[in-house]
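What follows is a short report on a single structure.
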């Protein structure tokens, strides 16, 4: 009996020590800690970051806290709409020229999760690709809009689009500091640096958004990159085409 008691006591001490050591290690490595808040520095392809990004889509308070802690200014708007097009999460980003987080046309209304995705996409995907491939920074993103009360494909039946609640944005072109423009419709199928850039940023977007649809998906997306933050119950699974 004494031996059994000593054995379980030792096992308990080892377990406690292991747990304490694991917690200390996670505190020292917040990028690998799934319980630590998401930061701008978290690499999108890490397991912990993917979990945090998926969770942020369901947690408006944490989502807006991320923007504030990252120094990204935004204005919260009152809820609007009704039914499938009710928009309770509605805000407008302030232009941030230092990051290149400038949307044209200006002041599109989107969800917090879209704004977080755009900020992190620029930081981890767009700007690195622009400097590496184009030797110039992106200074603005041209888009076709965020909110539109409609179903997918614009018909009378079927699932509602994420655009119905402003939970999507369609990126049409990128403006660079050297004055050039990279246009999805014109440049996607070319064999040049602009095409390489577009494919690189499409791939990078897949780590930040729940859904990424490009001209490779179908003809309806020939002129833009569709980016949305569809909720999948906190699951990491995403659609990237």
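The values are calculated or read from the model by the stated rules, or taken from the named source; none is laboratory data. Note that the structure is predicted; figures quoted are calculated from it, not measured. When we count neighbours, we look across all protein chains shown, and the Cβ atoms used for this are built from the backbone with ideal geometry, even at glycine.
One line per residue, one yes/no per condition, for (1) in the same structural domain as residue 117 (by TED's automatic domain parsing); (2) over 20 Å from residue 107 (Cβ atoms); (3) surrounded by 15 or more Cβ atoms within 10 Å (Cβ to Cβ); (4) within 13 Å of the chain's Cα centre (by Cα):
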position	(1), (2), (3), (4)
42	yes, yes, yes, yes
55	yes, yes, yes, yes
63	yes, no, yes, yes
67	yes, no, yes, yes
76	yes, no, no, no
81	yes, no, yes, no
88	yes, no, no, no
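Out of 161, 148, which single residue is without any contact (Cβ under 8 Å) to a residue 60 or more places away in the chain, within 19 Å of residue 81 (Cβ to Cβ) and buried (at least 21 other Cβ atoms within 10 Å of the Cβ)? Let's see the steps before the verdict.
On the way: 148 fails: buried (at least 21 other Cβ atoms within 10 Å of the Cβ).
Answer to the selection: 161.
Filter the range 141-185 down to the residues that are in a loop (DSSP other than H, G, I, E, B) and within 20 Å of residue 210 (Cα to Cα) and list them by number. Outline the logic, then answer.
Taking the range 141-185 first, the residues in a loop (DSSP other than H, G, I, E, B) are 144-150, 155-159, 161, 166-167, 177-180.
Passing the criteria: 144, 145, 146, 147, 148, 149, 150, 158, 159, 161, 166, 167.
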